[in-house]
Amino acid sequence: MQTPSPRVQEQLAQVRIVLVRPVGPRNLGAIARVMKNMGLQQWVLVDPRCDPLDPEAVTMAVHGADLLRQARQVPTLAEALQGCVQVFGTAGRREPYPPEWQVQSPRQAFPELLAAGPVALVFGPEDQGLSNEELALCHRQIQIPTDPAYPSLNLAQAVGICCYELRTLLCPDPPLPPSPGLSKPAPFELLEGFFGQLEALLLQIGYLYPHTARRKMLKLRALFHRAGLTVSEVALLRGILRQLQWSQTAWRRNLPQDD
């Protein structure tokens, strides 16, 4: 995993996860774990209906149990949002929202969220989500796109998706370094040697006939060219061809001779 730069770590430290009236200790544990996975440290529980140090929460958190111990608890959402310059509320229900709200997906909304200072990402209780009154306290409303056949997400899943989107936005995957030999394209002469060996074997086993070999080999050449064979892949294929040639020769040698 790519280590975030100090600037990225500072941006992640500005993000506050706010859970309103959470009821499930397992969800709290799972959320602590995924926050730890994605480098988020700050969260607030508004009027929680379960103990963040419940054994089930601690078990689910695994190495994120320290976040359970440092979770701040407050009685109201307004108190949890103190000091935030941007607040994004998660809209889980599918019924229409006030036309003034422009409900966006996390991927659409988060670039603006990260451009601000201290920000909050608010999630409602498992059974009903945030009320319109609670969403009205948020500057923006977001909704995770899901299949209409089963749109409801578990609370920990929703938090996990949002945390992942935040980290992906800040820490895009670096390109994988090329592996010497494994990714080096096969040169012309190496491919021609392979095609010559392949044609000879196919003629030997009767798959090709001299009068049709050229046309079929054109098709096989096109197939392997589309594959973009590397040096190591050509070596692998030629090893297979050599073994097949040896097997074919041995089989012919062991055939019974006519008297």
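The values are calculated or read from the model by the stated rules, or taken from the named source; none is laboratory data. All figures in this text were calculated on a predicted structure; none of them were measured in a lab. Note: ideal-geometry Cβ built from the backbone for every residue, glycine included; neighbour counts use all protein chains shown.
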Study note, to complete from the structure: Output for Cβ contacts, cut-off 9 Å, separation at least six or different chains, first residue among the polar types (S, T, N, Q) in the stretch 220-233, second modelled with pLDDT under 95 and surrounded by 15 or more Cβ atoms within 10 Å (Cβ to Cβ), reads THR230/ALA186; SER232/ALA186
Review point. Right, ASP147: of a type in the set (D, E, K, R) and free of Cβ contacts under 8 Å to residues at least 12 places away in the same chain or not?
Key: yes
Review point. Only one of (1) farther than 26 Å from ALA57 by Cβ; (2) part of a loop (DSSP other than H, G, I, E, B) is not met by CYS84, so which one is it?
Key: (1)
Point to revise | Residue that is farthest from THR168 (Cα to Cα), among those in the stretch 11-22 that are at pLDDT 95 or above and in a loop (DSSP other than H, G, I, E, B) | key: ARG21
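Specify which of the listed residues (VAL74, VAL58) is surrounded by fewer than 17 Cβ atoms within 10 Å (Cβ to Cβ) and without any contact (Cβ under 8 Å) to a residue 40 or more places away in the chain.
Just a single option satisfies the conditions, and that option is VAL74.
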Exercise for review: Could you please tell me which pairs satisfy a Cβ distance under 9 Å, a separation of 6+ or placement on different chains, a first residue in the stretch 197-215 that is in a helix (DSSP H, G or I), and a second residue that is hydroxyl-bearing (Ser, Thr, Tyr)?
Suggested key: LEU201/TYR207; LEU203/TYR209; GLN204/THR249
Practice item. Could you check LEU191 against (1) within 38 Å of the chain's Cα centre (by Cα); (2) modelled with pLDDT under 90; (3) not polar (S, T, N, Q) and say which number it fails? Key: (2)
Practice item. Mind listing whichever residues of the stretch 46-61 are more than 28 Å from the chain's Cα centre (by Cα), among the hydrophobic types (A, V, I, L, M, F, W, C) and not in a loop (DSSP other than H, G, I, E, B)? Key: VAL46
Revision key, fill the gap. Among residues of the stretch 191-221 being aromatic (Phe, Trp, Tyr) and farther than 22 Å from TRP251 by Cβ, the residue surrounded by the fewest Cβ atoms within 10 Å (Cβ to Cβ) is PHE195
Review point. If GLY92 passes every condition in (1) modelled with pLDDT of 90 or more; (2) closer than 17 Å to ARG21 by Cα but one, which one does it miss?
Key: (1)
Review point. Quick check, is ALA149 over 23 Å from VAL34 (Cα atoms), at pLDDT below 90 and in the same structural domain as THR76 (by TED's automatic domain parsing)?
Key: yes
Revision key, fill the gap. Checked PHE188, PHE224 against criteria (over 25 Å from CYS50 (Cα atoms), aromatic (Phe, Trp, Tyr) and surrounded by 14 or more Cβ atoms within 10 Å (Cβ to Cβ)); the one match is PHE224
**Study point:** Which numbered condition LEU169 fails, given (1) over 26 Å from GLU100 (Cα atoms); (2) at pLDDT 90 or above; (3) in contact with a helix residue (DSSP H, G or I) (Cβ under 7 Å, 6 or more places away or on another chain); (4) outside any loop (DSSP other than H, G, I, E, B)
**Key:** (2)
Check your understanding: If TRP246 satisfies every condition in (1) modelled with pLDDT of 90 or more; (2) surrounded by 10 or more Cβ atoms within 10 Å (Cβ to Cβ); (3) assigned to a helix (DSSP H, G or I) but one, which is the exception?
Key -> (1)
Review point. Out of (1) in contact (Cβ under 8 Å) with a residue 40 or more places away in the chain; (2) within 30 Å of TYR150 (Cβ to Cβ), the odd one out for LEU81 is which?
Key: (2)
Exercise for review: Would you be able to say whether some residue in the stretch 33-45 is in a helix (DSSP H, G or I), touching a helix residue (DSSP H, G or I) at 6+ places or on another chain (Cβ under 7 Å) and over 17 Å from ILE161 (Cβ atoms)?
Suggested key: no
